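As C-alpha cells, the structure follows; a few thoughts come after it.
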Amino acid sequence: MSYMLQHLHNGWQVDQAILSEEDRVVIIRFGHDWDPTCMVMDETLYKCAEKMKNFAVIFLVDISEVPDFNKMYELYDPCTIMFFYRNKHIMIDLGTGNNNKINWAMEDVQEFIDIVETVFRGARKGRGLVISPKDYSTKYRY
Amino acid sequence: MSKRKVQFDDSAGGSGDSTRRFKEKHSLDSDEEYDEKEELLDEDDIEGQEEGTVDYDEGIRITPFNMREEMEEGHFDKDGMYIFSKDKNQIKDEWMDNIDWQKIKETEDGGKMETQSDDSDDEPERLDLKSIYSQMLEYLKPGETITKALRRLGGNKGKPMSSAQRWKAKKQKTEETEEDEKAAKDRENFLALTGLADKVLQDGNMEVYEMTLEKLNYELKKFDKGNKRVTVPADATDDDALDMFADDFDKNEADKIGKDFENTNNEDTKDDKDSKKQEEKDETTSSNEVMWEFKWADKEDEEIHGPHSSDEMLKWSEEGFFKSGVFCRKVGTQSQFYSSRRIDFDLYT
C-alpha cells in the first residue's frame, strides 16, 4: 500500500517538501516500508490521504536511505509521524509525554484525521503546540 | 569667578562618565583624555578682563572684554589652549536624532481628536467593511483566497532577473508594451487589494487574507440580511438587487421579450427559490462552521445533545459548564466522542 504514497529519497527532497507546501500540513512518516509497524501506519495514511487532501499532504521517508534527520528528530522508533506547517514543526500533546511526534502505528482512520485536522486548525491559528482530541497516555506503550 | 568654574565642571561632567570609563581601560580614545582638574587655567590668570559695561550701542551689540562667554562653551588648559567642552549635543545618539519632534508634537495636539473619533467609529466602520468587501470581490477569482490573488497579481515576477535577462528586457522594452501594460495593471490591482485587506486586518479581522470569493459573498449577504430582513417580507426583487449574480436580470430580459405576466411571475418565484438554495449552500460550504454534538457520559445509550456551534461550545467550556468533561464529536463525522477537556473549541470558531 505504501507505494501509493509519495516517497522522499534524500534530505533535500524532505526539506523542499516541508518548505514548499504553504497551505497544507505536511505529514512525514519516518520509518521503513518493510517494518510491520510502518505497514499498519501506512495503511491508515493511505486510507485518509484522499480525505485530507485539502489540508494535509503525506510523505514517506526511509530512515536508512535518508539518515539526515535521525539525530535531529531523534528517530529511533520503528515508525514516527511528524507534522509540519509552513516550515514549522507542529507539536501535539498526545498525553504520552512526547509532544514531538506520534511514534506508534495508528489504526483508526477517523482518529488520525481528527488529529491532523486539529494540527491544521491550530497551525493556521499560529499555535506551535496543539492538543490531540484523544489522550493516548493509557493506550499503547505508555 | 569660582562659581563659574563650578558650573563649567558640571557641563564637562556630561562627558565625564565616558572619560572615567576610558581611564580604567586603555583604548584608542584615551589619548584625548587628560586630567582636567589639574591642567585648568585659573580664570584669574587671564589678565585685563573687564566687566561688560553696555550691552548695546545704537543697536550694535558690544561684546565685553572678558572670557566669560568663551568659558561657557569651553575652557583653557594650563598652556592657554582653548578647548571646547564636549557638551551634551556632541553625544550623538542615532535614535534621538531620528525622532521627528515635529511629528510628536503634532500627535500630542491631535491626540484628543483621535480618541474622539475612536468612540464614534463603530458605525461607519461597519458600512466601510461592506464596501471594502464588495471592492475586494472585483479582484478575486472563484475559490481564490486573498493571499492567492495577491500572489497571482504580484507573483509573476517570480525569480529576480539575471543581469543578462534584464539587459535583454531593456532592449525589447519597446516591443512588449502590451505585456507591460498588463503588468502595470496587475500591480495597481495588487496595491489596491493589499490596501483593502490591510484595512480589514486593522479592523481586527486577522483571517482576512484567508478569505475566499465565496466567503466574501457570504459576508456581504450577511450584511444585506441584517439590513433588509425587516423591510422585505419574502420578496425576491430587493434581495436580487443586492445579489451580485443578479438573478433578477433573467426576469427583466424575459419582460423585454414579451412573455406574459404570469410566466414571469412563475420565474420570479423560481428565482427566489434558487437564490435561497444558493444561500443555504453558501452557508454550509463557505462558512465551514463546525457543529458539535455531545453527551454527558461516554456510553452508547446516552442521550446526544446538539448540534451546537463551536462558539457556543467555546463559551460553555470557558464558563465551566463542562467542568466534569463531556464527550463530544463533530456533527456529520462518524468519529468517536472525545472528552471536551482535550478539545480547543477556539480552533474551530
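The values are calculated or read from the model by the stated rules, or taken from the named source; none is laboratory data. If you're wondering where the values come from, they're calculated on a predicted model, not measured in any experiment. All Cβ positions, glycine included, derive from the backbone under ideal geometry; neighbour counts span all protein chains shown.
Key figures
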| quantity | calculated |
| --- | --- |
| Residue pairs meeting the criteria (Cβ under 6 Å; at least 6 apart or on separate chains; first closer than 15 Å to B:Ser310 by Cα, in segment B:335-348; second crowded, with 17+ Cβ neighbours inside 10 Å and among the basic types (Lys, Arg)) | B:Tyr338/A:Lys134; B:Leu347/A:Arg121 |
| Test: residue in segment B:254-261 that is in contact with a helix residue (DSSP H, G or I) (Cβ under 9 Å, 6 or more places away or on another chain), under 30 Å from B:Glu138 (Cα atoms), modelled with pLDDT under 80 and of a type outside the set (D, E, K, R) | yes |
| Single unsatisfied condition, A:Ile115 versus (1) touching a residue at least 12 places away in the same chain (Cβ under 8 Å); (2) surrounded by fewer than 19 Cβ atoms within 10 Å (Cβ to Cβ); (3) within 23 Å of B:Ser335 (Cβ to Cβ) | (2) |
| Any hit, segment A:53-75, residues being touching a Gly at 6+ places or on another chain (Cβ under 7 Å), within 28 Å of A:Ser20 (Cβ to Cβ), crowded, with 20+ Cβ neighbours inside 10 Å and β-branched (Val, Ile, Thr) | yes |
| Hits in segment B:318-348 (condition: more than 10 Å from every other protein chain (Cβ to nearest Cβ) and not basic (Lys, Arg)) | B:Glu318, B:Glu319, B:Gly320, B:Phe321, B:Phe322, B:Ser324, B:Gly325, B:Val326, B:Phe327, B:Val331, B:Gly332, B:Phe345 |
| Elements of type strands (runs of 3 or more DSSP E) in segment A:36-141, at least 2 residues being under 25 Å from B:Thr349 (Cβ atoms) and within 14 Å of chain B (Cβ to nearest Cβ) | A:88-93, A:129-131 |
| Hey, B:Leu314 buried (at least 17 other Cβ atoms within 10 Å of the Cβ), within 30 Å of B:Lys221 (Cα to Cα) and away from chain A (no Cβ under 12 Å) or not | yes |
| All positions within segment B:108-132 that are more than 18 Å from the chain's Cα centre (by Cα) and modelled with pLDDT of 65 or more | B:Glu108, B:Lys130, B:Ser131 |
| Residue match in segment B:288-308 (condition: modelled with pLDDT under 50 and either within 14 Å of chain A (Cβ to nearest Cβ) or within 28 Å of A:Phe120 (Cα to Cα) (or both)) | no |
| Per-region count, segment A:118-137, residues crowded, with 18+ Cβ neighbours inside 10 Å and either farther than 18 Å from B:Glu207 by Cα or not basic (Lys, Arg) (or both) | 11 |
| Residues located in segment B:56-71, provided they are of a type outside the set (S, T, N, Q) and either at positive phi or surrounded by 10 or more Cβ atoms within 10 Å (Cβ to Cβ) (or both) | B:Glu58, B:Gly59, B:Ile62, B:Pro64, B:Phe65, B:Met67, B:Arg68, B:Glu69, B:Glu70, B:Met71 |
